[in-house]
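Visitor: Structure below; questions to follow.
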Amino acid sequence: SQKIEQNSEALNIQEGKTATLTCNYTNYSPAYLQWYRQDPGRGPVFLLLIRENEKEKRKERLKVTFDTTLKQSLFHITASQPADSATYLCALSGTVGGYNKLIFGAGTRLAVHP
Amino acid sequence: IAGITQAPTSQILAAGRRMTLRCTQDMRHNAMYWYRQDLGLGLRLIHYSNTAGTTGKGEVPDGYSVSRANTDDFPLTLASAVPSQTSVYFCASSPGTDNSPLHFGNGTRLTVT
């Protein structure tokens, strides 16, 4: 079955450092991969989308890579700030059976310490 | 502010009772979705609707039903709640079915006792 894995352990880093989160998947060939941020008690908020034929995507301090050979995406936050502390979800997407099918990982919690 | 409104924000429900979770969007998005989120698991799709008047089953549809009478509203009904339906429920929408990103509401925390 399709499976998507994110590091279940929280990632603790010092302010100013680069945070790197990993998303691995199996038994799936997604057309797209999306990253979301979720704060406690709130719904996920979309951050970035990368297509299967793109190696890298950037938005301000965020960078996402997508390696379809390794079946892995890396999500980087440079010059991290305490306000970046949240849970980050990756999701594989593809239109299946006529609907926008997303498979979500369980998320990795990031804590940025001053 | 444009977005998705879910109600109620939280609810405690006795097993066997019927409950409808409400979801309204004001972005005129065609597609809408209901997910549940449980600790240690990713968001799992319950039901979806590509456009008003149509609905489809997601990954975990049993025990739930939906309707889409118009573009803006997508209620989720639990006909007879069971404790395993204790979860946080998120409604989401997207402009279309073309892998566009989802916009989420802030969820309904449901506890079935």
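The values are calculated or read from the model by the stated rules, or taken from the named source; none is laboratory data. Computed from a predicted model, the values in this text were never measured in an experiment. We place every Cβ from the backbone using ideal geometry, glycine too, and count neighbours over all the protein chains shown.
Visitor: Within the range B:31-76, track down each residue that is facing chain A (nearest Cβ under 10 Å), of a type in the set (S, T, N, Q) and in contact (Cβ under 8 Å) with a residue 40 or more places away in the chain.
Guide: Those that are facing chain A (nearest Cβ under 10 Å), of a type in the set (S, T, N, Q) and in contact (Cβ under 8 Å) with a residue 40 or more places away in the chain: B:37, B:50.
Visitor: What are the residues in the range A:28-45 that are of a type outside the set (Phe, Trp, Tyr) and either in contact with a helix residue (DSSP H, G or I) (Cβ under 7 Å, 6 or more places away or on another chain) or closer than 27 Å to residue B:87 by Cα (or both), if any?
Guide: Answer for the range A:28-45, where residues must be of a type outside the set (Phe, Trp, Tyr) and either in contact with a helix residue (DSSP H, G or I) (Cβ under 7 Å, 6 or more places away or on another chain) or closer than 27 Å to residue B:87 by Cα (or both): A:33, A:34, A:37, A:38, A:39, A:40, A:41, A:42, A:43, A:44, A:45.
Visitor: Here is a check on your reading of the model: is residue B:15 modelled with pLDDT of 95 or more and either among the hydrophobic types (A, V, I, L, M, F, W, C) or within 15 Å of residue B:72 (Cβ to Cβ) (or both)?
Guide: Yes, satisfied.
Visitor: Another one. Go through the residues of the range A:77-96 one by one and say whether even a single one is surrounded by fewer than 16 Cβ atoms within 10 Å (Cβ to Cβ), without any contact (Cβ under 8 Å) to a residue 12 or more places away in the chain and under 28 Å from residue B:30 (Cα atoms).
Guide: Yes, the conditions are met somewhere in the range A:77-96.
Visitor: Count, please, the residues in the range B:85-102 that happen to be more than 7 Å from chain A (Cβ to nearest Cβ) and within 16 Å of the chain's Cα centre (by Cα).
Guide: Residues flagged as more than 7 Å from chain A (Cβ to nearest Cβ) and within 16 Å of the chain's Cα centre (by Cα) within the range B:85-102 amount to 8.
Visitor: Take residues that are among the basic types (Lys, Arg) and tell me which of the strands (runs of 3 or more DSSP E) falling wholly in the range A:9-114 contain 2 or more.
Guide: On the way: elements: A:11-14, A:19-26, A:32-38, A:45-51, A:56-59, A:62-67, A:72-77, A:86-96, A:99-104, A:108-113.
Once the strands (runs of 3 or more DSSP E) in the range A:9-114 are filtered for at least 2 residues that are among the basic types (Lys, Arg), what remains is A:56-59.
Visitor: Can you go through A:45, A:112 and tell me which one is under 23 Å from residue A:13 (Cβ atoms) and within 14 Å of another protein chain (Cβ to nearest Cβ)? Spell out the reasoning first.
Guide: Values: A:112 fails: within 14 Å of another protein chain (Cβ to nearest Cβ).
Matching residue, one of A:45, A:112: A:45.
Visitor: Could you tell me whether any residue of the range A:82-90 is more than 14 Å from the chain's Cα centre (by Cα) and within 14 Å of chain B (Cβ to nearest Cβ)?
Guide: no
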